[in-house]
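Since the structure comes first, as structure tokens, the remarks are kept for the end.
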Amino acid sequence: MTVSLDLDTAARNLPDAPKGLIGLTRAKMATQLSDDLGLDAKQARMRTSQIFRWLYNFGVTDFDSMSNVSKGLKASLTQRYGQLSETARPEITERQVSADGTRKYLLRFAPGIEAECVFIPDVGRSGALCVSSQVGCTLNCTFCHTGTQKLVRNLTPAEIVGQVLVVKDDLEEWPSTEHGRQLTNIVFMGMGEPLYNLDNVSEAIEIISDNEGLGISRRRITVSTSGIVPVMERLGEETQAMLAISLHATNDDLRDILVPINRKYPLEQLLEACRTYPGVSNARRITFEYVMLKGVNDSKAEARKLVSLLKGIPAKINLIPFNPWPGAPYECSDWETIEEFADIVNRAGYASPIRTPRGRDIAAACGQLKTESVKQRASDRRKAALT
Ligand code: SAH
Ligand code: SF4
């Protein structure tokens, strides 16, 4: 008998998320309601509309609060799905607020299944929620803390949407459509590689962007990828989300080391997929993320090479000072070097904000995310596979 030790390399969905209504797209909710409660198609669509609003515009966590839903239906819903509150939200096991207002949440979705999300307030009434798409990651980018953690599993649409819901609870931003809300943007830059979980990410985006629910427009949703070339077109077509590419190097030799998936999908293929990304235009630019690593990728020559590499692609360049983590094999470039690099990129006509590290004091910055409990789970799983 062959025993696979490679359990952690395949992204997989485990069926341990409780069945409920959260995380279903409109179409799926209507089908489920008609299957489970015997409603006809028209009734199911109408009830879905009402329930969708309660869940995502008002953020309710129990069927009783759904005042325009009949008593009889509420009873059937409760009988079928139990108390909504039991399945509506992941549990917050840790909540930290940084000196700069950044909020980091450690969420528990199921026993041993934990991931983090981070809310980053911006100046004025806006802010981005950085969500996780997987627990851990199958890729091993050498500068990324999440990359040292094995993948446990993909997050479901309910678990991705659940991250938005708990943070909105915490910010007290219900109803969702009210003006002046602070959670205005979603970025898939937490744990995991979203393009290895595109089905679930795509459904989550459909729910999050629904105008009668959370109402965060697709133009304010950014999906960041290390460059899974064959899936990029589908991402654009299905989600119309904004695209961010974790570039980090301007030649294949270095990118092969920093972002090892580059060996499979090298720069030329990646940039071609960017040029043809559905909907890309000067109004919908692709963000290229470039982590500044001291003495590794931060020379002036590399800044110039970066500019020439991106020629012809509507692009923004986001320079990210490297966020250190214990045992990391890199250091952050000096501030002066980062500014010189930014200067070259700016003079070539690219907006190139230097992303100020946020929430460093609570290890909530990019690439610092890692859940301790998961390491344990991954090794448990390996042991289990051997017995
Ligand atoms: N897997 C996806 C999305 C999650 S990573 C991706 O790789 O794009 C989100 C961003 O944080 C990526 O651009 C990643 O390269 C960056 N990042 C990872 N570790 C970092 C670190 N230690 N310091 C700064 N940025 C980091
Ligand atoms: Fe995974 Fe992204 Fe980290 Fe690479 S940078 S290991 S793809 S989370």
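The values are calculated or read from the model by the stated rules, or taken from the named source; none is laboratory data. If you're wondering where the values come from, they're calculated on a predicted model, not measured in any experiment. Methodologically, a virtual Cβ is constructed for each residue, glycine included, from the backbone with ideal geometry; neighbour enumeration extends over all protein chains shown. To get the accessible areas, we keep the full protein, side chains included, count just its heavy atoms, and leave off ligands, DNA and RNA. Shrake-Rupley method; radii C 1.70, N 1.55, O 1.52, S 1.80 Å.
Miscellaneous remarks
- Here G112 fulfils each of the conditions (1) at negative phi; (2) in contact (Cβ under 8 Å) with a residue 60 or more places away in the chain apart from (1).
- The C-beta contact set for the range 197-211 (first residue in contact (Cβ under 8 Å) with a residue 12 or more places away in the chain, second residue of a type in the set (D, E), distance under 9 angstrom, 6+ apart or interchain) comprises L198/E238; N200/E159; S202/E238; A204/E159; I205/E238; E206/E238.
- Entry remark, the range 230-247: residues being within 16 Å of ligand 2 (Cβ to nearest atom) and either open to solvent by 10 Å² or more (accessible area, probe 1.4 Å) or outside any loop (DSSP other than H, G, I, E, B) (or both) number 8 in total.
- Any hit, the range 261-268, residues being farther than 22 Å from I313 by Cα, more than 15 Å from the chain's Cα centre (by Cα), in the same structural domain as N318 (by TED's automatic domain parsing) and outside any loop (DSSP other than H, G, I, E, B): yes
- Here A342 fulfils each of the conditions (1) open to solvent by 10 Å² or more (accessible area, probe 1.4 Å); (2) away from ligand 1 (no atom under 11 Å from the Cβ) apart from (1).
- Extreme residue, farthest from E206 (Cα to Cα), among residues of the range 182-191 that are away from ligand 2 (no atom under 16 Å from the Cβ) and surrounded by 20 or more Cβ atoms within 10 Å (Cβ to Cβ): L183
- Among the conditions (1) modelled with pLDDT under 90; (2) closer than 25 Å to G190 by Cβ, G82 misses just one, which is (2).
- Hits in the range 127-152 - residues which are more than 14 Å from ligand 2 (Cβ to nearest atom) and either surrounded by 24 or more Cβ atoms within 10 Å (Cβ to Cβ) or under 20 Å from F322 (Cα atoms) (or both): A128, L129
- Residue pairs whose Cβ atoms lie under 6 Å apart, sitting 6 or more positions apart in sequence or on different chains, and linking a residue in the range 256-281 that is aromatic (F, W, Y) to a partner that is at pLDDT 95 or above, are Y265/G227; Y265/V229; Y277/G236; Y277/L243.
- Single residue of the range 101-143 satisfying the filter (more than 16 Å from ligand 1 (Cβ to nearest atom) and not in a strand (DSSP E or B)) that is nearest to Y290 (Cα to Cα): D122
- Filter result (within 16 Å of ligand 1 (Cβ to nearest atom) and farther than 16 Å from I205 by Cα) within the range 144-180: C144, H145, T146, G147, T148, Q149, K150, L151, V152, R153
- Yes/no for S299 being at pLDDT 95 or above and either under 15 Å from G227 (Cβ atoms) or surrounded by fewer than 20 Cβ atoms within 10 Å (Cβ to Cβ) (or both): yes
- Test: residue in the range 373-380 that is buried (at least 17 other Cβ atoms within 10 Å of the Cβ), at pLDDT 95 or above and charged (D, E, K, R): no
- D170 surrounded by fewer than 24 Cβ atoms within 10 Å (Cβ to Cβ), in a helix (DSSP H, G or I), in the same structural domain as P321 (by TED's automatic domain parsing) and over 11 Å from the mean Cα position of the chain (by Cα): yes
- The range 199-229 - residue that is among the hydroxyl-bearing types (S, T, Y) and open to solvent by 20 Å² or more (accessible area, probe 1.4 Å) and, of those, nearest to ligand 2 (Cβ to nearest atom): T222
- Flag if L129 is without any contact (Cβ under 8 Å) to a residue 60 or more places away in the chain and over 19 Å from M189 (Cα atoms): no
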